[in-house]
Every structure is written in structure tokens, then in C-alpha cells.
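What follows is a single structure, written as C-alpha cells, with notes after it.
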Amino acid sequence: MTLLWHKPIFSYLCLLKQTVPMKKIITSLLALLGLAACGQQGYTYEVDTFTTKGGKTVKFHALVHSSIRIEYDGKEIMIDPVTKLGDKTIDYTAMPKADYIFVTHEHHDHLDTAAIKLLTGDNTQLVTNQRCAEMLGYGQVMANGDILQLSDDITVEAVPAYNTTEGHLQFHPKGRDNGFILTLDGLRIYIAGDTEDIPEMAELKDIDIAFLPCNQPYTMTVEQFVSAARMVKQKVLFPYHYGQTDVSGIPSQLEANGIDVRIRHYE
């Protein structure tokens, strides 16, 4: 993607320099360039790139809320794809067909039959829980504790995801929904699904990247989120599924734990 320099942006940054620290100026520059790119070429998603132990590239595209697109070694992996959430619409027709689609549970902001249909090709494999498979009429069912070898270098584990707060238990009852741990060529990625800071998180091992939700009453408060992150001990952490929750203070709370917290547009 080619980004063009604009005089208004330059003028704005010059003004910022008089009153704002350089770090914030750089952040503003990135935000402005992102807006310029959107205006010229349509909406673009934030992308984070990692390298596996074997030297392969993994890219995470922040689509919306709990929807994540993962590119890995020529494979397309979609997590909880939805076509529309609030005033934001995701154009899946502009993306390749998925090799794997993972759906954590049945709620509308995770299970979207229209998105699944758009992303499904001849060789697409859908992995989900029992309830979603029943609703869709197909899918590879995984229950908490199941492990599935998808290819020589792709493994998925289904882990618990549930509510523990009294009065919230009906949203995500224990044993029904999944979180997933994807291992891509040794890179371990924990996608928590809708859950609170459950004790099972302390049993997770060697997590490189984690996606943890943060919006009560359905998932976690900021305090629970921080507790969960300290249990998981991931190297890189993405708050997701956070809606209107203010997650801006989370990085400073986990700085002493050596966790790289990256806030993307997963409202």
C-alpha cells in the first residue's frame, strides 16, 4: 500500500510538535496516515506480523470485535467472522476463501451464517462446538479438552470459556463454549472466546500471543482482564471484544509483567 504525504497532515504535526511529546506525535502520524489510506483505497485493517520458530510468517488482521483474520503460510484462517456489527460492515467478498473457520459459540457477534457462507470454499473446514454445529447442520465438533491436528504444522486445542460471576452465568455456561489454542509451526495463539478469568487459564502453557475479551457483563472487567493476563503469561496480548470498555490503561498495568499489550480496533 502506498501512502501519500499531505500538506494538511504536515501542518497538523508541526502544530502538535509545539505542545505534544514526540511519542504521541508518532502515534498521531500513524493514525492520520491510516485515515488517508482509508479515504483513497477503502477501509484497511490493522495488521500485526509475527514469525514462527521455523521462520514462517503469521499475520493477524484486526477486523472487528472478535473477528480475526489470520494469514499463515498460504493458509487463510478466520476466527468468529461476522459481516456486520453496529455501524461497521466487513466485506468478506474482498478476501480469499478460508481454509479454516473457527467459531467459539452461538451468539450473533460470533456466529454469522452469512459470513461463513461468503468465506466457505470447496476445501474450507469449519471447527466449532456442539451447539453451533447443530444450528448450522455441519462442522467439526470440538468440546473442551479436545485436540485436533489439522495439518503437519497446525494444531488446535479447545479450552473452557465461561462466566463465573453470579447473575452472568446464563451468558456463557460452563462446558458449552470454546476458547481455542492454535499452534502454527510452534507459535501458540490463545483465542479466549467469551469468558471471565477462569482458573483453567493458569494451566495454559507457553502462550506466545493471546486475545482476551474485556466487556462486562458478558466477559471480563478490566480488573479481571489484568488478572487473566497474569495467569496466561503470554508474550503479546491483544484486548478484543471490548465494545465501549476503556482498555487504554491496561498496558501500564501489565508493564511490570513484561507483557506487550497491543490495542487494536476490536471494539
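A few notes on this one:
- Looking only at the range 26-64, and only at residues there that are of a type in the set (Phe, Trp, Tyr) and modelled with pLDDT of 95 or more, the one that is most open to solvent (accessible area, probe 1.4 Å): Phe50
- Test result for Glu166, charged (D, E, K, R), over 25 Å from Asp73 (Cβ atoms) and at pLDDT 95 or above: no
- Of the residues making up the range 220-263, those that are under 19 Å from Glu200 (Cβ atoms), in contact (Cβ under 8 Å) with a residue 40 or more places away in the chain and part of a loop (DSSP other than H, G, I, E, B) are Gln234, His241.
- Scope the range 202-218; condition modelled with pLDDT of 95 or more and either over 21 Å from Thr51 (Cβ atoms) or open to solvent by 10 Å² or more (accessible area, probe 1.4 Å) (or both); matching residues: Ala202, Glu203, Leu204, Lys205, Asp206, Asp208, Leu212, Pro213, Cys214
- Residue in the range 88-96 that is touching a Pro at 6+ places or on another chain (Cβ under 8 Å) and either of a type in the set (Lys, Arg) or without any contact (Cβ under 8 Å) to a residue 40 or more places away in the chain (or both) present: yes
- Identity of the residue in the range 91-137, in a loop (DSSP other than H, G, I, E, B) and among the polar types (S, T, N, Q), that ends up nearest to the chain's Cα centre (by Cα): Thr104
- Within the range 163-194, the set of residues being polar (S, T, N, Q) and surrounded by fewer than 22 Cβ atoms within 10 Å (Cβ to Cβ) comprises Thr164, Thr165, Gln170, Thr183.
- Residue satisfying condition, being under 27 Å from Ile77 (Cα atoms), open to solvent by 20 Å² or more (accessible area, probe 1.4 Å) and either at pLDDT 95 or above or under 17 Å from the mean Cα position of the chain (by Cα) (or both), within set Pro239, Pro251, Pro199, Pro160: Pro160
- A Cβ distance below 7 Å, combined with a sequence gap of six or more or placement on separate chains, defines the contacts here; from the range 71-83, residues that are modelled with pLDDT under 95 reach no residue that is surrounded by 20 or more Cβ atoms within 10 Å (Cβ to Cβ) and assigned to a strand (DSSP E or B).
- Filtered residues of the range 65-82 (kept if open to solvent by 10 Å² or more (accessible area, probe 1.4 Å) and assigned to a strand (DSSP E or B)): Arg69, Glu71, Lys75, Glu76
- Among residues of the range 138-187 being in a strand (DSSP E or B) and of a type in the set (S, T, N, Q), the one that is farthest from His105 (Cα to Cα) is Ser151.
- Number of positions in the range 118-144 that are more than 23 Å from Ile181 (Cβ to Cβ), open to solvent by less than 40 Å² (accessible area, probe 1.4 Å) and in contact with a Phe, Trp or Tyr (Cβ under 8 Å, 6 or more places away or on another chain): 0
- When residues in the range 76-121 are screened for being more than 20 Å from Leu150 (Cβ to Cβ) and of a type in the set (Val, Ile, Thr), 6 of them pass.
The values are calculated or read from the model by the stated rules, or taken from the named source; none is laboratory data. The shown structure was predicted, so the numbers you read here are calculated from the model rather than taken from an experiment. Here Cβ is always computed from backbone atoms with ideal geometry, including for glycine, and neighbour counts include all displayed protein chains. The accessibility values were calculated without ligands, DNA or RNA, using every heavy atom of the protein model including side chains. Shrake-Rupley method; radii C 1.70, N 1.55, O 1.52, S 1.80 Å.
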